[in-house]
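Please treat every number below as a calculation from the coordinates, not as lab data. As the structure is a computational prediction, the values presented were derived from the model and not from experiment. Cβ coordinates were reconstructed from backbone atoms using ideal geometry, including for glycine residues, and neighbour counts include every protein chain displayed.
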Ligand code: NAP
């Protein structure tokens, strides 16, 4: 245990692990909080670039999110929060290292894995995690760049916003995504896709969906994609009726879905996006180790908004299944972990040890604190709660033995870690925008940005190492 030596005559040294929205909001809120001591914050990320889920989890055709990026950029660009990218907590630095250099640590590591769907056939070739697919189309540096888009008929399981993102990205024509920041290989993969039908399956009814109205309405905006709905799926029990009258969001979505059902949607488009409800996945069917179908059980509402099986089964002929049934957090080395919920056990953001007591100086914010629910904006309130705890605990902090700002950089350098900085991100940002401008000049469509994917190129550009420009353009396309 580190000895407590109160020395409030120096700034409180805080490390935040994870530079996604939760990490940046936490840093920002602490810098702005009313307090009678100085703070010095290092914001670490395992990727060379900041923004976490915004860069690697949001669908590229969601321009509204750009507003959030601008706000986060403004925070980081002030210069009072130090960004240290390409540093993997648990591998490059461990808890002891951080305890040595910081008085407090906030874990904002998020949730990037797919929740497991425990049905037979989930392991077949052609059965994919929705989050993995998101990582692919968002150009995540650590996932393979090849994605087998060979299926004509595809199932997406789940009725949350990720299921809608996945279904929209699978059904949209690649040309319509060129204006976004998709990496070159994603454009090429989507362009070659032979898909004709994407089926989205919700296990409950239209009044129990987890997605949100704007995201739902967006489905109607894809060119040359018809929406298909089924009258038998529009079943409402007492709880559904109640939800559809008392909850504006549900009312809007039920209204949108019902309009789509009754209005003629068949325009003879070359692709169709089917929305099915009250269908529970039972088994992914295989042939020679690959997905050949999906067996669903018809469900019925039980009066409370939950469902029970009817014993009626339908086999859908699909060649790929995307499981978009939620994210799951990953264990953080050195901390207790709630495997079932995928979170760090905590009390309002104070990290709890195996004995259930708060561990001094350790905090959590964002999805690793409360689980993968809520929109990005919700993370702010959550960060505020965590910061409140830290401010309350502040007299007991100041425990770092080596709080000098340079000391941690020396440690990283001594371990050969090629960390990146905010200036490095500005260089990478400019480079990606320039690649977009270049691609615009050589093609018919204005490209906003071309995202660089390989980690080594991200690093070289961020660290402004001399890599021949041609090589960087080629590498970016990989
Ligand atoms: P989610 O909102 O929790 O939705 C998960 C869906 O999977 C639910 O419909 C759930 O049904 C279903 N499900 C769970 N287990 C299942 C099973 N065993 N079989 C069949 N279906 C199952 O999760 P998410 O879509 O991953 O989204 C996570 C968060 O990120 C949400 O807050 C979401 O709004 C947010 N997000 C927002 C955007 C955006 O554009 N604004 C984009 C992506 C994500 P039940 O309801 O019956 O459990």
#### Entry: Distance between modelled label sites at residue 302 and residue 270, nm, 7 Å Cα→Cβ extension
4.6 nm
### Task
Tell me the label-point distance for the pair residue 34, residue 338, using the 7 Å Cα-to-Cβ offset, in nm and rounded to one decimal.
3.1 nm
### Query
Which value, in Å to one decimal place, does the Kirkwood hydrodynamic radius take for segment 112-163 when every pair of different Cα atoms is included?
12.3 Å
### Summary
Where a ≥ b ≥ c are root eigenvalues of the Cα gyration tensor, a/c under 1.5 meaning rounded, otherwise prolate if a/b exceeds b/c and oblate otherwise, segment 359-452 counts as oblate
#### Entry: Inter-centroid distance (Cα atoms) of segment 1-79 relative to segment 313-377, Å
20 Å
### Task
Would you mind classifying segment 212-371 by shape? Square roots of the alpha carbon gyration tensor eigenvalues, ordered a ≥ b ≥ c; an a/c under 1.5 is rounded, otherwise it is prolate if a/b is larger than b/c and oblate if not.
prolate
### Protection proxy ranking, peptides 248-259, 450-461, average beta carbon neighbours within 10 Å, highest first
450-461, 248-259
### Task
Could you tell me which of rounded, prolate or oblate describes segment 44-114, using a ≥ b ≥ c as the square roots of the eigenvalues of the alpha-carbon gyration tensor, with rounded for a/c under 1.5 and, failing that, prolate when a/b is larger than b/c and oblate otherwise?
oblate
### Task
For segment 23-143, state the average projected area of the convex hull of the C-alpha atoms over all orientations, rounded to one decimal in nm².
10.1 nm²
### Query
Which peptide among 308-315, 29-36 comes first, and what is the full order, when sorted by highest mean count of other Cβ atoms within 10 Å?
29-36, 308-315
### Message
Ranking request for peptides 438-445, 347-354: highest mean number of other beta-carbon atoms within 10 Å first, then the rest in descending order.
### Response
347-354, 438-445
### Query
Using the reciprocal of the averaged 1/r over all distinct C-alpha pairs, how large is the Kirkwood radius of segment 68-201 in Å?
18.0 Å
### Query
Extent of the chain along each principal axis, from alpha carbon coordinates, in Å, largest to smallest?
70, 56, 42
### Message
Suppose we keep just the DSSP beta bridges with both residues in segment 201-355; what percent of those would be antiparallel, to 5?
### Response
75 percent
### Per-pair calculated FRET efficiency, R0 = 60 Å: residue 430 and residue 347 via Cβ, rounded to 0.05
0.90
### Task
Using only alpha carbon pairs under 8 Å that are at least six residues apart, calculate the relative contact order of segment 312-388 and give it in whole percent.
24 percent
## Note on the structure
Using eta = 1.306 mPa s and T = 10 °C, Stokes-Einstein with Kirkwood Rh from Cα pairs puts D for segment 295-441, in µm² s⁻¹, at 76 µm²/s
### Query
Across all directions of projection, what mean area in square nanometres is found for the Cα convex hull of segment 291-343?
6.1 nm²
### Message
Between residue 176 and residue 315, what's the calculated FRET efficiency when r is the beta-carbon distance and R0 is 30 Å? Round to 0.05.
### Response
0.40
### segment 224-315: equivalent-ellipsoid semi-axes (sqrt of 5 x gyration tensor eigenvalues, Cα, Å)
26, 22, 9
### Query
How high is the FRET efficiency from residue 354 to residue 224, r the C-beta distance, R0 60 Å, rounded to 0.05?
0.60
### Query
Given a cut-off of under 8 Å on Cα pairs at least six residues apart, what relative contact order in percent is computed for segment 1-140?
34 percent
### Task
Using Cα pairs closer than 8 Å and at least 6 residues apart in sequence, work out the relative contact order for the chain, in percent.
22 percent
